[in-house]
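A short worksheet on the structure shown next.
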Ligand code: DNO
Ligand code: MN
């Protein structure tokens with residue numbers, strides 16, 4: 001297991017490379033060119049700048065998260081070919097910089113969705129929270145209308161300056177079903193995976209977060225059966241999964257340990273974090289420790305260990321501790337604690353091979 005740590009870059013992160021260096025066992029940063037809009041080609045010189053900076057601090061840049069997918073690709077519009085072409089060029093440039101894994105997601109309109117970014121936990125820390133009733137059975141246009149009437153109902157990702165664009169996108173997705181999304185994903189994979197293979201880069205799709213449809217938008221990377229279908233869409237070792245325990249774990253019916261066993265050789269990248277799911281379907285992110293949430297983190301690490309996992313792993317979102325003013329979910333402290341928990345489990349399983 002190779003430990004890596006997400007870093008948003010000098011201008012976008014409160015955490016420094018020097019700080020990350022002091023977390024035991026971190027060998028690389030997980031990065032992206034966050035200023036390049038989805039669909040555009042990543043310039044090689046910008047990639048090389050990040051590489052130089054990271055290497056100077058003693059890290060590699062083998063894992064990228066994310067090269068985002070342009071909405072036209074997810075919508076299956078004719079213009080997708082242009083964006084797919086740019087994606088291929090980006091893959092080739094990333095290979096030149098030594099990148100081995102590209103994480104991405106195929107969620108329409110939104111990446112991860114939460115209703116609150118700083119919900120207090122009992123211990124006084126705060127964490128990302130999802131309140132089921134805020135979104136359940138809500139038509140997206142109804143939601144936009146409500147937010148326009150009462151900005152307090154707004155959620156992360158729904159800021160006024162984005163609202164118009166969001167409405168436009170919703171309109172575009174009106175008749176896009178899950179099956180359309182599957183078709184559009186297959187089209188993308190059939191185009192991209194041969195390029196990834198030629199460049200020895202493993203593509204690793206991130207599960208949807210939360211792993212169910214919201215606001216009527218289709219979501220398909222949601223659980224074991226669908227991940228199985230995904231791997232068969234384009235059967236190649238270069239077509240893989242980012243196994244994110246927190247995203248999948250928001251649905252308590254997801255058996256993540258079973259997924260690790262079934263998909264082990266197609267998981268180049270693991271995101272490990274815990275969530276606590278309540279009976280009403282709400283969930284909050286917690287410390288990585290098994291007892292603190294409803295996801296069996298030690299069982300998942302054990303499953304990776306039993307499969308001799310040699311891929312990359314990172315702690316995922318953490319709580320905000322000790323008044324840290326960080327990006328939501330991406331502070332230094334709780335992710336560092338998370339890493340030490342993951343190493344503790346890993347080393348214990350390594351000592352006792354039979355466990
Ligand atoms: C949530 C995070 C995600 C992830 C992107 C990848 O679990 O890991 O924000 O970075 O969905 O594209
Ligand atoms: Mn994740």
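None of the figures in this text is laboratory data; all of them are computed from the coordinates on show. All values reported here derive from a predicted model rather than from experimental measurement. Note that each Cβ is placed from the backbone with ideal geometry, even for glycine, and that neighbours are counted across all protein chains shown.
For residue 178 and residue 133 in one chain, what is 0.36 nm times their gap in residues minus the Cα-Cα distance, to one decimal in nm?
Using 0.36 nm per residue and subtracting the Cα-Cα distance, I get 13.9 nm.
Express in whole angstrom the spacing between the alpha-carbon centres of the stretch 292-355 and the stretch 57-105.
That distance is 26 Å.
First check a/c for the stretch 1-155, with a ≥ b ≥ c the square roots of the eigenvalues of its C-alpha gyration tensor; if it is under 1.5, answer rounded, and if not, answer prolate when a/b is larger than b/c or oblate otherwise.
On the way: a/c = 2.65, a/b = 1.27, b/c = 2.09.
Since a/c reaches 1.5 but b/c is at least a/b, the shape of the stretch 1-155 is classed as oblate.
What percent do you get for the relative contact order of the stretch 2-354 when only Cα pairs under 8 Å and 6+ apart count?
Here the relative contact order equals 17 percent.
Please compute the Cα-Cα pair-distance distribution of the chain with 20 Å bins starting at 0, giving whole percents from short to long.
Bin by bin from 0 Å, the calculated values are 30, 63, 7.
For the pair residue 89 and residue 197, what calculated FRET efficiency results from E = 1/(1 + (r/R0)^6), where r is the Cβ-Cβ distance and R0 = 25 Å, to the nearest 0.05?
Once the sixth-power term is evaluated, E becomes 0.95.
Label residue 145 and residue 190 with points 7 Å out from Cα along Cα→Cβ: what is the distance between them in nm?
Once both label points are built, they end up 4.0 nm from each other.
Dividing the convex hull volume of the Cα atoms of the stretch 32-106 by its residue count, what figure in Å³ per residue is obtained?
75 Å³
Measuring from label point to label point, each 7 Å out along Cα→Cβ, what is the residue 289 to residue 264 span in nm?
2.9 nm
Under a plain spin-label model, where a point goes 7 Å from the Cα along Cα-to-Cβ, how far apart in nm are residue 212 and residue 12?
3.1 nm
For the chain, what is the calculated [θ] at 222 nm in deg cm²/dmol (nearest 500), taking -39500 (n - 2.57) for each run of four or more DSSP H residues and dividing by its residue count?
Taking each H run of at least 4 residues, the total per residue is -12000 deg cm²/dmol.
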